[in-house]
Amino acid sequence: MSMEDYDFLFKIVLIGNAGVGKTCLVRRFTQGLFPPGQGATIGVDFMIKTVEINGEKVKLQIWDTAGQERFRSITQSYYRSANALILTYDITCEESFRCLPEWLREIEQYASNKVITVLVDMELNFDISELAKQSNDDSLFDFTTILGNKIDLAERREVSQQRAEEFSEAQDMYYLETSAKESDNVEKLFLDLACRLISEA
Ligand code: GDP
Ligand code: MG
């Protein structure tokens, strides 16, 4: 078995307010469990799961923020080389939904920083219009999924599915709802994303 026993490797980054269930989603998908109690924070940057899609081995490196979910406190290195983002809110917490535009602005800012980073790295040796085009072509926005979590708590829902769908549609982004607790749609979330990434790779 070679060191690189996979056909594709993708980095997927989860962002969103603290408490929306990011860590539980990652643990549900990678370990098949729902952590008991409040202490879901894990002290690692990412977890790995390899899945098979149409005979191709797809290694997913899933990054979770451990308690730094404040705007602009997440460093650019966290987004670096990300292939896809999952922007998560909690359907029982309207505040977490209202913060989505702020998260989108943060991603946008990252995208513009990336152009500058490339410029510095490449010692200004090529046409800036080419760079701008490149940075648009692999925009993270194309692979951002907006995610409403905790649908097992339907009786406490504060954000309707329709409202969230309209918002996501306006951003031209996919929308999905999950329950990390009941394992509802969690596989679908990551596998759909992996399929989309493969088809554009
Ligand atoms: P994070 O801060 O975004 O990483 O959120 P956590 O994964 O730590 O979850 C925050 C709290 O929400 C914890 O008490 C979890 O048990 C709870 N939680 C996470 N996902 C779900 C879910 O799908 N359903 C329910 N009922 N609770 C959840
Ligand atoms: Mg967490």
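Bear in mind that the values in this text are calculations on the coordinates, not laboratory data. Everything numeric here is computed off the predicted structure, so don't read it as measured data.
For each pair in 22/181; 59/150; 11/188, compute the distance between the two Cα atoms and list the pairs where it is over 22 Å.
Violating the 22 Å Cα-Cα cut-off are 59/150.
If each residue of separation counts as 0.36 nm, what is the full-extension length gain between residue 109 and residue 4 once their alpha-carbon separation is subtracted?
Roughly 34.5 nm would be gained on extension.
From the backbone phi of region 172-187, what are the Karplus-calculated ³J(HN,Hα) couplings (6.51 cos²θ - 1.76 cosθ + 1.60, θ = phi - 60°) in whole Hz, Gly and Pro given as x?
Using θ = phi - 60°, the values come out as 6, 10, 5, 10, 8, 10, 9, 10, 5, 5, 8, 6, 8, 6, 6, 4 Hz.
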